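Right, one structure below, let's go through it.
The values are calculated or read from the model by the stated rules, or taken from the named source; none is laboratory data. Keep in mind that what you see is a predicted model, and the values were worked out from it rather than measured. Virtual Cβ from ideal backbone geometry, glycine too; neighbours counted across all protein chains shown.
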Amino acid sequence: MPESNALVLAGVVLVAAALAAWAFTAHRKRQEAFRELLERVGFRPCPAEKSTLEGIVNGIMNDRGRHYQVEQPQRLAGDPTIYYYVKLRDRQDADEQRDAGEELLFRLRRRSPAGALLFVKPSSLAPGLATRLLGAVAAGPWLTQPDDLKRLELPADLKDTNLLTALGPEGASLYDVVDAKLLSVVQGVGDAGGMIIRLRDDWCVVEAGGHQLPFRVDEIVARMRPLL
């Protein structure tokens with residue numbers, strides 16, 4: 001290999017190594033900042049409740065053939081009871097990527113115990129073709145969905161809002177299972193890093209939208225608290 005090419009290759013390797021180190025350091029800093037946020041808000045580890053939480057989570061998911069584990073469970077001090085944890089989906093085969101997501105779990109005052117699944121976006125993402133496609137993908141059969149829920153038609157007054165799509169019992173209307181006050185509140189959850197809201201009986205789960213969006217648990221708790 002000519003010396004000039006060797007120098008270029010060495011430079012590329014050094015740059016790649018530097019970028020990897022920077023990404024790792026940035027990730028560690030985000031994790032540390034998030035742990036400090038949980039502690040500042042009042043969350044404390046509750047490992048003894050892991051098994052109970054796994055039973056609740058699997059019941060809410062109602063996803064036949066899948067099992068979900070709860071890791072790093074924490075409970076907010078005081079009342080009402082609010083949990084934070086990392087949810088892990090078991091792999092069905094060795095090649096499948098193990099899905100993981102951060103969630104908040106709490107009881108909610110609702111007029112209907114029916115299951116529902118709401119996908120929301122942040123306000124910064126303007127309505128348009130991209131959000132319609134995102135809504136279609138979110139409700140697609142390739143994602144893990146509760147076995148008893150189907151895609152619902154969004155009422156005209158909720159189109160082009162932060163609510164991308166919704167699932168509920170077959171034949172139901174959205175307002176049959178989720179009241180207007182709750183829908184108004186959850187549309188702001190996307191601005192705090194939540195993207196998926198799962199409802200079943202009196203349980204509510206808010207799932208983080210991914211590592212790209214900070215999961216601001218303090219803001220989500222503040223938004224949801226009037227409904228608890």
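Please work out which residue is surrounded by the fewest Cβ atoms within 10 Å (Cβ to Cβ), limiting yourself to segment 81-104 and to residues that are more than 17 Å from PRO146 (Cα to Cα) and at pLDDT 85 or above.
Per the stated criteria, the residue is THR81.
Give me a count of the residues in segment 187-202 that are farther than 16 Å from ASP218 by Cα and in contact with a helix residue (DSSP H, G or I) (Cβ under 7 Å, 6 or more places away or on another chain).
3
Going by what's in this entry, would ALA130 be described as out of contact with any strand residue (DSSP E or B) (no Cβ under 8 Å at 6 or more places or on another chain), at pLDDT below 75 and either on the phi > 0 side of the Ramachandran plot or not in a loop (DSSP other than H, G, I, E, B) (or both)?
The answer is yes for ALA130.
May I ask you to list the residues in segment 176-201 that are within 15 Å of SER123 (Cα to Cα) and acidic (Asp, Glu)?
ASP191
Scan ARG151, ARG223 and give me the residue that is under 27 Å from PHE34 (Cβ atoms), modelled with pLDDT of 90 or more and either among the basic types (Lys, Arg) or not assigned by TED's automatic domain parsing to the domain that holds PRO122 (or both).
Unique residue meeting the criteria: ARG223.
What do you reckon, is ASP160 modelled with pLDDT under 95 and either within 17 Å of the chain's Cα centre (by Cα) or within 27 Å of ASN58 (Cα to Cα) (or both)?
Criteria not met by ASP160.
A quick yes/no check of all residues on (1) at pLDDT 95 or above; (2) β-branched (Val, Ile, Thr); (3) in a loop (DSSP other than H, G, I, E, B); (4) not assigned by TED's automatic domain parsing to the domain that holds ARG107:
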position	(1), (2), (3), (4)
ASP191	no, no, no, no
ILE197	yes, yes, no, no
VAL206	yes, yes, no, no
GLN212	no, no, yes, no
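Would you confirm whether or not segment 174-185 contains a residue that is in contact with a strand residue (DSSP E or B) (Cβ under 9 Å, 6 or more places away or on another chain), charged (D, E, K, R) and modelled with pLDDT of 90 or more?
yes
Could you please give the count of residues in segment 41-80 that are among the polar types (S, T, N, Q), within 26 Å of ASP148 (Cβ to Cβ) and surrounded by 14 or more Cβ atoms within 10 Å (Cβ to Cβ)?
So the answer is 3.
Scanning for something touching a residue at least 12 places away in the same chain (Cβ under 8 Å), surrounded by 21 or more Cβ atoms within 10 Å (Cβ to Cβ) and of a type outside the set (A, V, I, L, M), does segment 177-187 turn up at least one residue?
No, the conditions are met nowhere in segment 177-187.
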